[in-house]
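Undergrad: Pasting a structure below so you can have a look.
Only the coordinates and a few stated rules stand behind these numbers; no lab work does. Predicted model, so just to flag it, every value in this text is computed and none were measured. Note: ideal-geometry Cβ built from the backbone for every residue, glycine included; neighbour counts use all protein chains shown.
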């Protein structure tokens, strides 16, 4: 009886894993590896912004999506700061595209 129960539980667990994996691929969710790579890129971009005297890292949000696409959002003090933040993000290894949605405060 215990062996039958163990086999049933193992089969159910295996089916759950297969179904969950298929669903995440179908919905185009990030894999664990993509998530880790995205986190590393986001961290590198934030570090560049923090180490640059012309950008305010505290006012700029960074998110990495879909294989190296970096989304910048938040506020910049000037168009020059917005442009510089985009340049810094583009210079990070692993960044394939920068979507600079920073809003320049007037």
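Undergrad: Sequence gap at least 6, Cα distance under 8 Å: using those rules, report the relative contact order of segment 31-104 to the nearest whole percent.
TA: 31 percent
Undergrad: Can you tell me the FRET efficiency between residue 106 and residue 50 if r is taken as the Cβ-Cβ distance and R0 is 25 Å, rounded to the nearest 0.05?
TA: With R0 = 25 Å, the Cβ-Cβ based efficiency is 0.50.
Undergrad: With a Förster radius of 22 Å, plug the Cβ-Cβ distance of residue 66 and residue 43 into 1/(1 + (r/R0)^6) and report the FRET value to the nearest 0.05.
TA: Step by step, r from the Cβ atoms, then E = 0.80.
Undergrad: Quote the Stokes-Einstein diffusion coefficient, in whole µm² s⁻¹, for segment 54-106, based on the Kirkwood radius over alpha carbon pairs, a temperature of 25 °C and a viscosity of 0.890 mPa s.
TA: The calculation lands on 225 µm²/s.
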